[in-house]
Protein chains: 2
Amino acid sequence: MSTEFEPAIKLLTSAGNIRVWSVIVSIFGDLARDWGDEISGALMGQLTEQMGIKPEAVRVALHRLRKDGWIVSKKSGRSSNHSLTEMAFGESLAVRPRIYARHAEAPKEYHLLVAQPMTQADRSNLDARLMRDGYSLVAPGVYLGKGRKSPDPAGFFSMEGAISPPPHWLQQANAATDLRDEYILLEQVLDQLLEMAARKPTFTQTQTAALRVLVIHLWRRLLLRHPDLPDSFFPAAWPGISCRSKVHDLLDTLPRPTLATLQDRLS
Amino acid sequence: MSTEFEPAIKLLTSAGNIRVWSVIVSIFGDLARDWGDEISGALMGQLTEQMGIKPEAVRVALHRLRKDGWIVSKKSGRSSNHSLTEMAFGESLAVRPRIYARHAEAPKEYHLLVAQPMTQADRSNLDARLMRDGYSLVAPGVYLGKGRKSPDPAGFFSMEGAISPPPHWLQQANAATDLRDEYILLEQVLDQLLEMAARKPTFTQTQTAALRVLVIHLWRRLLLRHPDLPDSFFPAAWPGISCRSKVHDLLDTLPRPTLATLQDRLS
């Protein structure tokens with residue numbers, strides 16, 4: 001067993017406010033890849049224990065996730081097996097490409113929606129709705145979507161086509177200070193973990209799983225907080241860009257164990 | 001000589017505030033089609049007289065147009081010949097397709113420019129500059145241009161492509177009430193002139209020229225006051241659309257005499 005494991009976990013769990021239910025979402029997202037994949041109570045216990053999470057906190061979080069319709073739990077004798085609901089599996093699949101892409105997708109085609117004049121309050125509602133649908137805000141009432149327009153958004157003036165390189169002011173608008181600060185913090189953690197990884201520590205499969213889940217957890221927490229835009233939409237020195245490549249460098253050193261392997265190691 | 005001429009001229013000259021210098025611009029625009037075309041003082045006198053414009057007013061207007069660099073006048077014995085300057089000929093050529101198009105051009109490709117956030121005053125300046133360059137305003141800071149983007153406008157977020165049918169609110173935004181009222185007035189004049197034309201009056205060549213110049217004059221005065229947009233950008237019942245076809249129906253009954261013919265008739 002590697003002596004690098006404890007410090008690595010410490011680094012990862014101190015890098016931000018870790019919510020247990022959210023970490024469990026990340027566990028499912030990274031390890032339960034196929035529809036119907038189950039994570040046993042015992043495996044869940046072992047992974048979360050590796051992360052320093054108390055069993056009581058796991059119990060509460062699983063309860064919440066069941067209540068929210070994210071997971072279902074099947075009793076099997078004295079233990080239980082947890083799996084994602086259809087809704088959760090769908091949402092998980094939907095964000096998977098974005099989280100795991102080694103390079104941010106840069107589509108050839110986009111569409112712009114221009115909203116009619118409206119009150120600030122109506123615009124805020126519209127902003128929230130469209131950003132939930134993957135649009136990003138270019139200017140007040142102007143929304144950029146990837147690919148061709150779906151027929152859904154009616155009432156907008158819309159154009160489909162190719163974009164020119166985003167201007168400086170738009171890059172700056174996408175570079176919120178608090179987000180930048182959090183990416184810088186993440187990058188420092190990733191740098192330290194990459195230094196450790198360079199010493200080629202040997203982790204158990206469960207340790208590997210725990211580490212990679214936490215790396216992905218911290219990454220997706222920041223990534224999913226802003227619109228999905230190609231690198232050209234951010235300043236050249238945007239830490240989100242360097243974090244992406246460092247996350248992948250790190251994941252390359254922590255290859256994902258299969259669920260079957262992890263279950264086998266339990267007995 | 002037709003008895004329809006006087007009432008027709010009366011209709012046309014009472015349809016709006018006719019500025020003499022501007023009518024002379026229309027005379028050149030419709031009759032001096034080729035670079036270097038000259039209109040003699042005598043022909044100018046005859047055409048404007050037909051329109052009921054006093055010689056003194058013509059003299060003042062020609063002086064103003066010379067001062068503004070729109071025309072040059074060459075003395076030739078006791079009379080003079082007037083022609084457009086290069087600048088004026090260029091501007092005249094530039095608006096010609098728009099004025100004479102039987103159907104408003106509906107390009108396949110457009111580009112949108114999205115400006116960065118700025119003060120109201122800066123935006124007003126930008127609006128003026130871009131609308132002079134043929135852009136139309138879609139929303140505050142969002143400008144629509146026909147065809148592909150020229151490399152010039154830097155600092156915008158821009159997209160090139162195809163547009164969807166303009167929504168109702170944008171059609172309404174393009175349908176300013178005062179413009180609508182003026183088009184309705186023009187349409188009434190055109191309707192009365194078309195009724196006269198149905199009686200197949202016979203006009204002299206000079207009368208034909210005077211009438212068609214005034215028709216075009218009233219048409220371009222309204223047309224060039226708003227951006228050059230396809231019909232789909234206006235409400236279905238927009239009087240500018242019906243005016244365009246009626247202008248052309250009327251011009252069909254008033255075929256343009258050549259300058260040579262008009263000059264010949266003078267002697």
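Of note:
- Meets criteria (touching a residue at least 12 places away in the same chain (Cβ under 8 Å), more than 30 Å from B:H168 (Cα to Cα) and more than 9 Å from chain B (Cβ to nearest Cβ)) for A:R78: no
- Test: residue in segment A:167-174 that is crowded, with 20+ Cβ neighbours inside 10 Å and under 27 Å from B:K146 (Cβ atoms): yes
- Close Cβ contacts (under 9 Å, 6 or more residues apart or on different chains) running from residues in segment A:4-18 that are hydroxyl-bearing (S, T, Y) to residues that are crowded, with 18+ Cβ neighbours inside 10 Å and not in a helix (DSSP H, G or I) comprise A:T13/A:M51; A:T13/A:I53.
- Candidates B:E195, B:E187, B:E182 - the one that is away from every other protein chain (no Cβ under 14 Å), among the charged types (D, E, K, R) and in contact with a Pro (Cβ under 6 Å, 6 or more places away or on another chain): B:E187
- Highlighted here would be helices (runs of 4 or more DSSP H) found entirely within segment B:36-148 that include at least 3 residues which are of a type in the set (K, R), at pLDDT 95 or above and on the phi > 0 side of the Ramachandran plot, but there are none.
- B:D264 part of a helix (DSSP H, G or I), at pLDDT below 95 and open to solvent by 30 Å² or more (accessible area, probe 1.4 Å): yes
- Taking (1) of a type in the set (A, V, I, L, M); (2) closer than 22 Å to A:P7 by Cα; (3) more than 13 Å from the chain's Cα centre (by Cα) in turn, A:V247 satisfies each apart from (3).
- Any hit, segment A:92-104, residues being touching a Leu at 6+ places or on another chain (Cβ under 9 Å) and more than 17 Å from A:R221 (Cα to Cα): no
- Members of segment A:182-206 that are aromatic (F, W, Y) and part of a helix (DSSP H, G or I): A:Y183
- Segment A:19-35, subset open to solvent by 40 Å² or more (accessible area, probe 1.4 Å) and either among the polar types (S, T, N, Q) or farther than 17 Å from A:L251 by Cα (or both), residue modelled with the lowest pLDDT: A:R19
- Within segment A:104-139, considering residues that are acidic (D, E) and over 23 Å from the mean Cα position of the chain (by Cα), the one farthest from the other protein chains (Cβ to nearest Cβ): A:D122
- Test: residue in segment B:207-218 that is open to solvent by 20 Å² or more (accessible area, probe 1.4 Å) and either more than 22 Å from B:K146 (Cβ to Cβ) or not in a helix (DSSP H, G or I) (or both): no
- Selected residue (only one of A:T85, A:T13 is of a type in the set (V, I, T), open to solvent by 30 Å² or more (accessible area, probe 1.4 Å) and in contact with a Gly (Cβ under 7 Å, 6 or more places away or on another chain)): A:T13
- The set of residues in segment B:219-247 that are open to solvent by less than 10 Å² (accessible area, probe 1.4 Å) and farther than 13 Å from B:L179 by Cα comprises B:P230, B:F233, B:V247.
- Condition met for A:P166 (closer than 29 Å to A:D122 by Cβ and within 22 Å of the chain's Cα centre (by Cα)): no
- Checking B:Y110 against (1) farther than 26 Å from B:Q263 by Cα; (2) without any contact (Cβ under 8 Å) to a residue 60 or more places away in the chain; (3) open to solvent by 50 Å² or more (accessible area, probe 1.4 Å), the condition it does not meet: (3)
- Of all positions in segment B:217-231, at least one carries a residue that is out of contact with any strand residue (DSSP E or B) (no Cβ under 7 Å at 6 or more places or on another chain), more than 26 Å from B:I27 (Cβ to Cβ) and within 14 Å of chain A (Cβ to nearest Cβ).
- Among the residues of segment B:146-166, those that are over 20 Å from A:G145 (Cβ atoms) and either away from chain A (no Cβ under 11 Å) or touching a Lys or Arg at 6+ places or on another chain (Cβ under 6 Å) (or both) comprise B:K146, B:G147, B:S150, B:D152.
The values are calculated or read from the model by the stated rules, or taken from the named source; none is laboratory data. Since this is a predicted model, take the numbers as computed values, not measurements. In this analysis, Cβ positions are derived from the backbone assuming ideal geometry, glycine residues included, and neighbour counts consider all displayed protein chains. Please note that ligands, DNA and RNA were not included when accessible areas were found on the heavy atoms of the full protein model with its side chains. Shrake-Rupley method; radii C 1.70, N 1.55, O 1.52, S 1.80 Å.
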